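The structure under discussion appears below in the form of structure tokens.
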Amino acid sequence: MKRFIFLVGAVWATVASANFYEVDEKNACENTITLPQGYTFSEFTPDCQYDQNLTPIKAGELYGYANAQGDIKIAPRFEMAYGFDEGLALVKAGGKYGYINATGKFTIKPIYDDAWGFLDGQAKVIQQGKHGFIDKTGKFAIKPVYDDMGIWFENGLIPAKKGNKWGFIDKQGKTKIPFIYDVADGFSENMAVVGLNKINSHAPKFGYINAQGDVVLPINYDTASAFVDGVAMVMSEGLLHHINPQGQKVAPTSGLLDVGSP
């Protein structure tokens, strides 16, 4: 599992992805596979281990799928195509996103403005500007009533936005932490960054909550990152430093400085 830290507005956010490959085209396993003339791979991996033994390929401006032997199994006809997750692949057709099975048949019609791959039987979608989650039958597991939302659940919770405020909901869409924050990031190592616009402050102040919604580190920082390997980056009074979960200053870790940990 890789973790990456980046700055979004005034919040340092963490992305954790099991599908992020630090491999460029030159070093990819796909260089060992020969595709028919005119076809190219659109994703590159270190090991050519594909869900459903299918990976996206491109011919001209259209996308389809080939197997690990280089055979074209789903002819290019999509505007965009992504790898299979849990037996379904996210594709774009007619300007909208939907999901196909390994035969290339739509099992969930392309009706979404944006969408993500499946994980644990659910996928995030955006429809008419609202965020929600669907199950693998296309039914809403969480109705699209949110103005913004995280990508996935940590500690069983995901940050969601209603109007101008953020809170946290569970996989059934139940509110677990009230919609009282001006900024919120997903949980990492049992803590989540939240922010509040304070009186006489030109920008939000940030702190940390636990999965019960308790503030465990005061909302006083100018910027704050997610915790990685027990350390987070914060800025206070113009100075950047590193803290542990108790708020004490500590030395940085290699995981926080970016690159990832197993």
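General remarks:
- Matching residues, the range 75-105, being open to solvent by less than 30 Å² (accessible area, probe 1.4 Å), part of a loop (DSSP other than H, G, I, E, B) and more than 14 Å from residue 117 (Cβ to Cβ): 104
- Residues in the range 25-59 that are of a type outside the set (Ser, Thr, Tyr) and open to solvent by 80 Å² or more (accessible area, probe 1.4 Å): 25, 26, 27, 31, 37, 49, 52.
- Condition met for residue 72 (open to solvent by less than 40 Å² (accessible area, probe 1.4 Å) and either at pLDDT below 95 or among the β-branched types (Val, Ile, Thr) (or both)): no
- Subset tally (residues that are modelled with pLDDT under 95 and open to solvent by less than 20 Å² (accessible area, probe 1.4 Å)) for the range 241-262: 3
- Whichever residue in the range 115-145 is in a strand (DSSP E or B) and basic (Lys, Arg) and, among such residues, is least open to solvent (accessible area, probe 1.4 Å): 124
- Residue check for residue 62: touching a residue at least 40 places away in the same chain (Cβ under 8 Å), in contact with a strand residue (DSSP E or B) (Cβ under 6 Å, 6 or more places away or on another chain) and surrounded by 14 or more Cβ atoms within 10 Å (Cβ to Cβ): no
- Any hit, the range 16-24, residues being modelled with pLDDT of 50 or more, outside any strand (DSSP E or B) and surrounded by 13 or more Cβ atoms within 10 Å (Cβ to Cβ): yes
- Here is the figure for the range 204-256: residues that are under 14 Å from residue 183 (Cβ atoms) and hydroxyl-bearing (Ser, Thr, Tyr) total 4.
- The residues of the range 190-240 that are buried (at least 17 other Cβ atoms within 10 Å of the Cβ), of a type outside the set (A, V, I, L, M) and touching an Asp or Glu at 6+ places or on another chain (Cβ under 9 Å), listed by number, are 195, 204, 205, 206, 222, 225, 227.
- Residue list for the range 173-205, filter: basic (Lys, Arg) and either part of a loop (DSSP other than H, G, I, E, B) or touching a residue at least 24 places away in the same chain (Cβ under 8 Å) (or both): 174, 176, 198
- Yes/no for residue 167 being over 19 Å from the mean Cα position of the chain (by Cα) and surrounded by 15 or more Cβ atoms within 10 Å (Cβ to Cβ): no
- Count of the range 65-83 residues, restricted to those that are within 22 Å of the chain's Cα centre (by Cα) and touching a residue at least 24 places away in the same chain (Cβ under 8 Å), is 3.
- Residues (farther than 16 Å from residue 58 by Cβ and in contact with a strand residue (DSSP E or B) (Cβ under 6 Å, 6 or more places away or on another chain)) located in the range 82-93: 88
- Given (1) over 17 Å from the mean Cα position of the chain (by Cα); (2) under 29 Å from residue 143 (Cβ atoms); (3) assigned to a loop (DSSP other than H, G, I, E, B), number of the condition residue 48 does not satisfy: (2)
The values are calculated or read from the model by the stated rules, or taken from the named source; none is laboratory data. Since the structure is predicted, the reported quantities are computational estimates derived from the model, not experimental observations. Here Cβ is always computed from backbone atoms with ideal geometry, including for glycine, and neighbour counts include all displayed protein chains. All accessible areas refer to the heavy atoms of the entire protein, side chains included, with ligands and DNA or RNA removed. Shrake-Rupley method; radii C 1.70, N 1.55, O 1.52, S 1.80 Å.
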